[in-house]
Structures are given as structure tokens and as C-alpha cells.
Amino acid sequence: MDLRAAFAACPRERFLPPEQQPYAGLDHALPLGYDVTCSQPTTVRRMLELLGPRPGHRVLDVGCGSGWTTALLAHLVGPAGRVVGVEIVPEVLAFGRANLTGTAGVELHLAEPGVLGWPRGAPYDRVLVSADAPHLPSALVAQLVPGGVLVGPVRGEMLRVERHGRYVFVPLRTLDP
């Protein structure tokens, strides 16, 4: 996985509103409007390292925003791969679509009410989540292939989850006081 080449091929400033483009080189989240940000480069780099996308992978990009992470993922999975982006804000999705015009191997969708991810395109080899979840989103884990990986923040902590299929256990519980 050549992250240096991906970042060079997909400069952040191309995915920012004009008023934010002068700040593209700063290691800060930058506003896109509608209470959505373009994450800071070191965070995106680390998430991609943890995710480990490879050529030919099918990847789900949850919270694709301006399309920057989608473009990086498309570069990393190459022409044999596919990246499906999902965004909850219609105006931000339109901005992301405009930024990704001509990018092969990418499809973007408006999130469906009450649905996490894009189950119609599942299963995915990798799932990247760019919004903080209150708990591990099992609906997204379920969209992974066995051996697939999900990376995203849960209550502010970055998690990397690898799915290994179904097993049967007794429920986890604590001792009553």
C-alpha cells in the first residue's frame, strides 16, 4: 500500500471549498459546511494504515464527505477495486460527486433513513467510517466479508475490527452485586 503516492495523486485542496483551500496543508480538520469536516491528514493517513486497503478490494466509505477519502481509497484499490461512498447530507454528497467526476471505480450514494452503510453493495473487504459512533456499529461489521476490516472512531477512540464469522457463545454478563 503506497500511501505517499495516493496522497500525491489526490491533493486535499481539490476536495475543499475555495475558502478552505489555502489551509489544505494544515494538519487540522477543515469545515465543509453543514457541520461536516474534511479530516486532518494525519488522522486520514493513520486510518488508511489501519484499514489496509489493497488492489482489487471492495471498500465502503461511510461519511464520504468531500470525496477526499473516497479518492484516496480508489487510488489504493486500483482499477480492479471498487469504492462505495455514503453521505448523509445531500449538499455535501453533491460536493463530493463534483469532486470525484471522472474517478473510475467509485459510486456515491445518499444514506437511506435508518440504514447504516450501503447493505445493497455488501459484502465489502474494508469499511472506513469517518464519523464518531456511540458504540461499535454492528450493522457495518455485518457488511464485511469474513476476514474483512472496519476502521472508525467509537466514542473518540479509533478502532480496527476484523470480522471472523459467526460463533455461538453464552451471553457476556457481570456478577450481580
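Every number in this text was worked out from the coordinates using simple rules, so none of it is lab data. Computed from a predicted model, the values in this text were never measured in an experiment. Here the Cβ positions follow ideal geometry from the backbone for every residue, glycine too, while neighbour counts run over all protein chains shown.
Could you check how many residues of region 118-147 are in contact with a His (Cβ under 9 Å, 6 or more places away or on another chain) and at negative phi? Please lay out each step first, then the result.
Residues of region 118-147 that are in contact with a His (Cβ under 9 Å, 6 or more places away or on another chain), as a first pass: 118, 120-121, 124-126, 146-147.
Among the residues that remain, those that are also at negative phi are: 118, 120-121, 124-126, 146.
Total satisfying the criteria: 7.
Being closer than 22 Å to Ser39 by Cβ, without any contact (Cβ under 8 Å) to a residue 24 or more places away in the chain and under 15 Å from the mean Cα position of the chain (by Cα) is true for just one of Val154, Val83. Which residue is that?
Details: Val83 fails: without any contact (Cβ under 8 Å) to a residue 24 or more places away in the chain.
After applying the criteria, what remains is Val154.
Among residues of region 102-114 being under 19 Å from Glu91 (Cα atoms) and touching a residue at least 12 places away in the same chain (Cβ under 8 Å), the one that is surrounded by the most Cβ atoms within 10 Å (Cβ to Cβ) is Val106.
Residues are listed down the side, and each one gets a yes or a no for (1) hydrophobic (A, V, I, L, M, F, W, C); (2) within 16 Å of Thr103 (Cβ to Cβ):
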site: Arg12; (1), (2): no, yes
site: Leu32; (1), (2): yes, no
site: Arg46; (1), (2): no, no
site: Gly52; (1), (2): no, no
site: Gly56; (1), (2): no, no
site: Ala71; (1), (2): yes, yes
site: His75; (1), (2): no, yes
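Residues that are in a strand (DSSP E or B) and in contact with a strand residue (DSSP E or B) (Cβ under 6 Å, 6 or more places away or on another chain) were ranked within region 149-177; the one that is surrounded by the most Cβ atoms within 10 Å (Cβ to Cβ) is Leu150. When Ala98, Ala74, Ala131, Ala104 are checked against the criterion of being over 23 Å from Ala29 (Cβ atoms) and either of a type in the set (Gly, Ala, Ser) or under 13 Å from the mean Cα position of the chain (by Cα) (or both), a single residue qualifies: Ala104.
Within region 115-130, the set of residues being surrounded by 14 or more Cβ atoms within 10 Å (Cβ to Cβ) and aliphatic (A, V, I, L, M) comprises Leu116, Ala122, Val127, Leu128, Val129. Evaluate region 22-35: report whether one residue or more is among the charged types (D, E, K, R) and either free of Cβ contacts under 8 Å to residues at least 60 places away in the same chain or farther than 21 Å from Leu108 by Cβ (or both). Checked against the condition, which is being among the charged types (D, E, K, R) and either free of Cβ contacts under 8 Å to residues at least 60 places away in the same chain or farther than 21 Å from Leu108 by Cβ (or both), region 22-35 yields at least one hit. Go through (1) loosely packed, with under 14 Cβ neighbours inside 10 Å; (2) farther than 26 Å from Gly105 by Cβ; (3) not acidic (Asp, Glu) one by one and return the number of the condition Ala133 breaks. Result: Ala133 passes all but (1).
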